[in-house]
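First comes the structure, then the notes that go with it.
The values are calculated or read from the model by the stated rules, or taken from the named source; none is laboratory data. Please read all numbers here as calculations on a predicted model, not as lab measurements. Quick reminder, even Gly has a Cβ in these numbers, built from the backbone with ideal geometry, and neighbours come from all protein chains shown. Side chains are part of the model used for accessible areas, which takes the heavy atoms of the whole protein and leaves out ligands, DNA and RNA. Shrake-Rupley method; radii C 1.70, N 1.55, O 1.52, S 1.80 Å.
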Amino acid sequence: MKITILVIEDEEAINDVISMSLRATGYETVSFLDGDDASVSLENRHDYDCAVVDVMLPGKDGFELLPELLKYEIPVIFLTAKGELQNKVKGLTKGAEDYMVKPFEMLELLIRIDKILKRRGSFQEKITIYDVVIDREKRVVTKGGQEVYLKPMEFDCLMMLVRNKNRALTRSQLLGALWGIEFEGETRTVDAHIGRIRKKLGFENVIKTIPRIGYRLEVEE
């Protein structure tokens, strides 16, 4: 079952980066740039697993949207450019799950979303691919029962491929989601990580190179 994240952020560039990174990580996303539009849409659709909401929005702001989201039991992570303690306290005391101050690292946001999904029972803790078992919570990988050490970025890169199994990911998608920015001319960064993952896990025939595009992790459904 696909997990869907609601993104309500009025800065289009930030909205695009968050949504792109979430989709590259395997989530479905629905996004809005305006609080009023998001509010109206909730009347028709509210089957979201989590919402990432900017506090300052045109129309209804994040605090005004919060009770509407909580009505449908949608956990909320607030985003804001303001780091004032009173805003953080206000959001958390009114029922928000978490609070992040811009600018932030996408990987940190993804980790916080995972923690919320785990509390709600939507988090798949262990994933098995052939003789490889990935423990997402402990960030431990074993092959044939033996632990294989993956560096933090190698683990995150593997998880992106796993969450998007049988789907091609471009090098730009991997770079944007893992490093948070575009590395022009640095596609070898991804290639090097993929090469090490293949060698450590024996995934030479599991992680396929897609010419002129990127990579795809292929497994039988």
Query - Highest-fluctuation residue, Lys200, Lys151, Lys138 considered, GNM on the chain with Cα pairs under 10 Å - result: Lys138
Query raised in the report: With N residues in the chain, what two-decimal value do you get for its Cα radius of gyration over 2.2 N^0.38 Å?
Result: 1.08
Query - Probe 1.4 Å, accessible area per residue of the chain, Å² - result: 52
Query raised in the report: For the stretch 24-148, with only Lys/Arg (+1) and Asp/Glu (-1) charged at the beta-carbon, what is the dipole magnitude about the Cα centre, in debye rounded to 20?
Result: 480
Query raised in the report: With +1 on each Lys and Arg Cβ and -1 on each Asp and Glu Cβ, how big is the dipole of the chain about its Cα centre, in debye rounded to the nearest 20?
Result: 1100
Report summary line: Helix-only [θ] at 222 nm, the chain, -39500 (n - 2.57) per DSSP H run of 4+, per residue, nearest 500, equals -12500 deg cm²/dmol
Query raised in the report: Tell me, what HN-Hα J-couplings in whole Hz come from the Karplus equation 6.51 cos²θ - 1.76 cosθ + 1.60 at θ = phi - 60° for each residue of the stretch 50-56, using x for Gly and Pro?
Result: 6, 10, 9, 10, 6, 5, 8
Query raised in the report: What is the set of long-range amide H partners of Val148 at a cut-off below 5 Å, with H atoms built 1.01 Å from backbone N?
Result: Val141, Thr142, Lys143
**Report entry** the chain - percent of accessible surface contributed by carbon and sulfur, probe 1.4 Å
**Finding:** 50
Query raised in the report: With point charges of +1 on the Cβ of Lys and Arg and -1 on the Cβ of Asp and Glu, referenced to the Cα centre of the stretch 1-72, which listed residue (Ile8, Gly26, Met56) lies farthest in the positive direction of the dipole?
Result: Gly26
Report summary line: Close lysine pairs (the stretch 1-116; alpha-carbon distance under 17 Å; 8 or more apart or on separate chains) counted at 8
